[in-house]
Every structure is written in C-alpha cells, then in structure tokens.
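Reviewing the structure listed below.
The values are calculated or read from the model by the stated rules, or taken from the named source; none is laboratory data. This one's a predicted model, so the numbers in the text were calculated from it and none came from an experiment. Glycine gets a Cβ as well: all are built from the backbone with ideal geometry, and neighbour counts include every protein chain shown. Only protein heavy atoms, including side chains, enter the accessible area calculation; ligands, DNA and RNA are left aside. Shrake-Rupley method; radii C 1.70, N 1.55, O 1.52, S 1.80 Å.
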Amino acid sequence: MSAGGTQRFRGAELEVVTQPRAGLTWRTVYSLHDARFRDFVTELGGVPTQLAGKRLEMSARSMAATEILIGKGDGWQGSARANWVGSRFLNKRNTSVAPDYITWSAGVGYRVRDVEIRLDGWNLNDQRPPVAESEMGVAQYYRLPARRLELSARWVFGGGPD
C-alpha cells in the first residue's frame, strides 16, 4: 500500500525591522504554521492508518528569530542572531515529540572600499536536534549541522557594496 491523501498548510509570518540609529538595525520575525494531514491514509506497521488531523512530522508550529546588525558602509561590521524553533513531532502518528531549541550565530568583519574580511559563526551553542527524516530507515534523522566557524575575504571588482 502506498500513502495517499491531502495535506493542508496554513500560517502567518510577522517581521519587524527598526533602525534606532544610523548603522544599527534590529530585525525580529515570528512565524506560526499549521501543517496537517487532512484525509490521508498510509501504511504504518503493516496496517492502513488514517492520519486526518495529525500534524505533519518535523514541522514546527512556531518559529522565531531576532538579529542585530551593526555597521555602515566601511569600517567594522557585526551581527548577532538567535533562532528559536518550537517543538515538532518526529513521526506521522504524532506520538514522539522533539523539544524546541535555540541556536546562536554571530559575525564580525571589517570593510574598506572593495575588500571585506569576516569571521562568522553559526550554531555557536552547538545544538544538534533532529531536523529532517532520513531516507535510510524508520526513526532515523538528520541532525542540525554542528557549530561552524568561517573566515572569509571578498574583493568586489569595480566598487564596494554600498
């Protein structure tokens, strides 16, 4: 038996961006998602199972982020960001819950005309929750990538980023 039926995706997002002063930007975003099976039948454990009303697996209902960006065209640049992902179900039956988590990211750089040198870090608190189902088998998941640091330099031909 193969899976078949319908799913419904509803939601809303809100973003607020403010610049309290020149060279300082604060951005905050929130999203509310309602991803559910409608009339959907699939085989689970060899038994046809109706999933109507269940939330889609790995789909967080709520997510939010906030970020501060500091810097003008030339000179020092900086950023700090927090991302929050709400709890989500790991399986179609909605019996196994993955808890919510927060990740932190930050970066610092220096820009002069056509050249920018940066050090950026993602998932600095090294959270490793499940984020996607693996095609390798039942109850196996891909995890959020580990902490990552990146040193970069870029040279823009014909003028810097304005």
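Observations, loosely collected:
- Flag for residue 150 being surrounded by fewer than 13 Cβ atoms within 10 Å (Cβ to Cβ), in a strand (DSSP E or B) and modelled with pLDDT of 90 or more: yes
- Region 115-140, residues that are open to solvent by 30 Å² or more (accessible area, probe 1.4 Å), part of a strand (DSSP E or B) and either more than 18 Å from residue 88 (Cβ to Cβ) or modelled with pLDDT of 95 or more (or both): 115, 117, 118, 119, 122
- From 118, 111, 147, residue being under 21 Å from residue 23 (Cα atoms), touching an Asp or Glu at 6+ places or on another chain (Cβ under 6 Å) and not hydrophobic (A, V, I, L, M, F, W, C): 111
- Matching entry among 141, 101 (being in contact (Cβ under 8 Å) with a residue 12 or more places away in the chain and touching an Asp or Glu at 6+ places or on another chain (Cβ under 9 Å)): 141
- Answer residue from region 5-45, given it is loosely packed, with under 10 Cβ neighbours inside 10 Å and outside any strand (DSSP E or B) and is modelled with the lowest pLDDT among those: 45
- Selection from region 46-67 of residues that are within 15 Å of the chain's Cα centre (by Cα), open to solvent by 40 Å² or more (accessible area, probe 1.4 Å) and not polar (S, T, N, Q): 61, 63
- Residue under evaluation residue 76, criteria (1) closer than 28 Å to residue 128 by Cα; (2) at pLDDT 95 or above; (3) over 20 Å from the mean Cα position of the chain (by Cα); (4) open to solvent by 80 Å² or more (accessible area, probe 1.4 Å), criterion not met: (1)
- Residue in region 76-89 that is farther than 23 Å from residue 17 by Cα, among the charged types (D, E, K, R) and free of Cβ contacts under 8 Å to residues at least 24 places away in the same chain present: no
- Filtering 81, 93, 88 for residues that are closer than 30 Å to residue 48 by Cα and open to solvent by 60 Å² or more (accessible area, probe 1.4 Å) leaves a single hit, 93.
- Scope region 46-64; condition over 22 Å from residue 140 (Cα atoms) and outside any loop (DSSP other than H, G, I, E, B); matching residues: 50, 62, 63, 64
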